[in-house]
Amino acid sequence: MPATRLDGKKIASEIRSEVAADVETFVSGGNHPPQLAAVLVGEDPASQVYVRNKERACAKAGIASRLDRMPAATTQAELLAKVAELNSDPAVSGILVQLPLPSKANGGTGIDERAVLDAIDPIKDVDAFSPVNVGLLMQGRPRFLPCTPHGIVQLLHRTGIETSGKHVVVVGRSDIVGKPMAMMLAQKDSTCGPAVANATVTIAHSRTSNLTEICRQADILIAAVGRPEMITADMIQPGAVVIDVGINRVEDKLVGDVAFDEAEAVASAITPVPGGVGPLTIAMLLHNTLMAAKMQAAGK
Ligand SMILES: Nc1nc2c(c(=O)[nH]1)N[C@@H](CN(C=O)c1ccc(C(=O)N[C@@H](CCC(=O)O)C(=O)O)cc1)CN2
């Protein structure tokens with residue numbers, strides 16, 4: 001029997017409606033609407049789409065947004081000055097700098113991404129990429145949860161997929177997805193979301209020597225390695241749940257990190273690309289922006 005397709009788009013829409021209702025309650029309690037500030041450096045086509053989608057999602061949820069576009073030739077000092085301006089603007093609840101920043105090959109000036117993310121005020125860090133928020137997550141007392149891994153937690157929870165005692169293999173060790181994902185699933189009880197925790201987690205990556213063997217041990221396999229269709233059917237334990245975080249453009253087509261057609265025949269449940277994890281990233285960003293506004297209103 002082919003795997004159940006896990007509909008991230010539908011779950012994202014549910015979460016966005018929930019956030020919209022919470023925003024309405026927040027505003028009717030006498031607060032200003034939350035505001036998300038996005039900074040886009042350069043003209044990467046995919047980043048432009050993502051930022052536009054974030055603005056639209058904000059509008060639908062009753063969240064204000066502003067977009068600061070900066071040319072690819074922006075220097076690190078100029079970008080840091082922009083972040084400082086947004087940090088000190090009381091109207092701004094949440095700040096994100098769209099990644100990736102332009103490389104030198106794309107007209108960029110070689111900005112140190114880390115220095116920029118470090119500069120965002122942790123209380124406005126709705127991507128949860130700052131060292132303070134990463135540290136709080138590591139210690140099991142998170143403030144903001146990073147959007148993509150949090151979206152996966154919500155997807156697992158809302159589709160009734162249990163993680164406690166399960167072996168989860170995360171393929172990929174990025175700061176944005178792989179590392180926080182592993183940490184969230186390994187946490188005790190529901191520290192990082194509703195009843196999704198207590199997993200035994202293995203982090204694998206492109207240089208893991210026995211990758212197929214390790215992936216085949218997974219009850220839940222999370223592919224976040226950024227290589228088109230790298231996870232093939234032989235790497236999946238029959239009946240495993242497969243979560244595909246990859247978004248790769250191949251000849252004008254969007255494909256994940258999982259070879260979907262063959263994986264679907266082996267897995268019990270699987271996320272498609274598009275329509276799987278991607279839409280949840282933006283839903284959780286809205287959640288974090290409202291959370292930031294609430295914390296700031298409460299003077300935290
Ligand atoms: N500052 C950030 N930069 C980046 C993040 C991030 O969370 N914060 N994540 C990605 C890009 N991203 C959001 O920024 C993102 C990627 C994909 C999707 C999405 O909904 N994908 C759709 C397909 C859309 C398409 O046609 O391209 C899907 O998978 O169904 C949303 C957000 C890197 N940068």
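The values are calculated or read from the model by the stated rules, or taken from the named source; none is laboratory data. Remember, it's a predicted structure, so these values are computed and weren't measured experimentally. Backbone-built Cβ (ideal geometry, glycine too); neighbour counts: all protein chains shown. Accessible surface areas use protein heavy atoms only, side chains included; no ligands, DNA or RNA. Shrake-Rupley method; radii C 1.70, N 1.55, O 1.52, S 1.80 Å.
Worth a mention:
- Burial order of peptide ranges 224-236, 138-150 (average beta-carbon count within 10 Å, highest first): 138-150, 224-236
- Tilt relative to the chain, helix 278-297 - C-alpha long axis, 0 to 90 degrees, to 10: 40 degrees
- Taking the three principal axes of the alpha carbon atoms in segment 31-121, the coordinate ranges are 43, 27, 17 Å, sorted in descending order.
- Near Val41, the amide H atoms lying under 5 Å from its own belong to Met70, Gln98; only residues 5 or more places off or on other chains count, and H is placed 1.01 Å from N.
- Rounded to 5, percent antiparallel among DSSP beta bridges of the chain: 10 percent
- The alpha-carbon atoms of the chain define a convex hull whose volume equals 126 cubic angstrom per residue.
- Its residue count N sets the reference 2.2 N^0.38 Å, and the alpha-carbon radius of gyration of segment 165-222 equals 1.09 times that reference.
- With a Cα cut-off of under 18 Å and a minimum spacing of 8 residues unless on different chains, the lysine pairs in the chain number 11.
- In segment 208-279, the ratio of gyration radius to Kirkwood radius, Rg to Rh, stands at 0.95 when only Cα atoms are counted.
- In Hz, Karplus ³J(HN,Hα) per residue of segment 102-114 (6.51, -1.76, 1.60; θ = phi - 60°; x = Gly, Pro): x, 6, 4, 5, 9, x, x, 10, x, 5, 7, 3, 4
- 3J(HN,Hα) along segment 96-101: 9, 9, 5, 10, x, 6 Hz, from the Karplus curve 6.51 cos²θ - 1.76 cosθ + 1.60 with θ = phi - 60°, whole Hz, x for Gly and Pro.
- Viscosity 1.306 mPa s, temperature 10 °C, Stokes-Einstein D of segment 111-193 from Kirkwood C-alpha radius, µm²/s: 119 µm²/s
- Karplus-derived 3J(HN,Hα), 6.51/-1.76/1.60, for each residue of segment 117-123, Hz, glycine and proline x: 5, 4, 7, 6, 4, x, 6
- Counting only protein heavy atoms and a 1.4 Å probe, segment 31-121 has 47 square angstrom of accessible area per residue.
- On segment 31-121, 53 percent of the accessible area sits on carbon and sulfur atoms, based on a 1.4 Å probe.
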